[in-house]
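Engineer: Sharing a structure here in structure tokens format.
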Amino acid sequence: KQLCLCAAASFALRLSPTDLSSCPPCGRCPIPKPAARGRRQGQDWGKSDQRLLQAVENNDVARVASLIAHKGLVPTKLDPEGKSAFHLAAMRGAAGCLEVMLAQGADVMSTDGAGYNALHLAAKYGHPECLKQLLEASCVVDIEDSSGWTALHHAAAGGCLSCSKLLCSFKAHMNPRDRSGATPLIIAAQMCHTDLCRLLLQQGAATNDQDLQGRTALMLACEGGSPETVEVLLQGGAQLSITDALGQDATHYGALTGDKLILQLLHESARRSSPPSASLEEDSGEASSQVGIRNP
């Protein structure tokens, strides 16, 4: 619990809980109290607010416009569950409703009870039209949610190619890291979204970035058992020699899945990247062993 300085002092004096129910008369507490989950201070949820939320749920653009105009409602006000009409429109892809609320001056940077803004939700649920509206309304393209994910992280996780292309066109940063150190490319590879990995690489994503566990996009694509994604990453310059925090490389991850095509791709890539002398020695060794077998 957050206590004011006086209440903290009272606690140090071992006073009873009832003595701590209110601050001593020394003025307003200097430490702000957090608002209840899903609400903001001073925002009481009413019947008209619920009607606006329902109108968005029904994608009733005329009703949304009427309620805002005649009731003076705030579209970004949160209900007890942390939802607002504005965030719901982005989540549902209700572009018409979103357009009305943006025209009425809705705060594009406001967040819901989970810490997402409308841009995150539009990207997460794959609604490029809503995404474009928000970006054109000056929503910051690289703003992070409470987990450190940008809209591009969400688009990568959902595999939405059109949303990702749109974010790239608005100059989204290609290599932002979330709290686990994962970039959008790492997320896309983990989800085995091959086309999205290809797009991110074409847009300049760093192929060999590692998360906080030392894992690369290639390792996670191998672990996910997607030879198509592995091939795209190898073509994009993924390195086999990188190891994670436990000292394991991409070949180890590939062996865990037992996918023969992945192992073949990794082996061929290793042969191409090895020095010519090493390749000659390897070929010579193979030839010698074959001769030895034929001539005991």
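Any read-out appearing in this document is the output of simple, stated calculations on the displayed coordinates, not a laboratory observation. Just so it is clear, the structure is predicted and the values come from calculations on it, not from any experiment. Positions of Cβ are generated from backbone atoms using ideal geometry, with glycine treated the same way; all protein chains shown enter the neighbour counts.
Engineer: Can you work out ³J(HN,Hα) from phi for every residue in region 144-154, in order, using Karplus 6.51 cos²θ - 1.76 cosθ + 1.60 and θ = phi - 60°, giving whole Hz and x for Gly and Pro?
Structural biologist: 9, 8, 5, 9, x, 7, 8, 4, 5, 4, 5
Engineer: Taking the highest mean first, how do the peptides 227-240, 61-74, 163-176 order by number of other beta carbon atoms within 10 angstrom per residue?
Structural biologist: Taking the mean over residues of other Cβ atoms within 10 Å, the ranking is 227-240, 163-176, 61-74.
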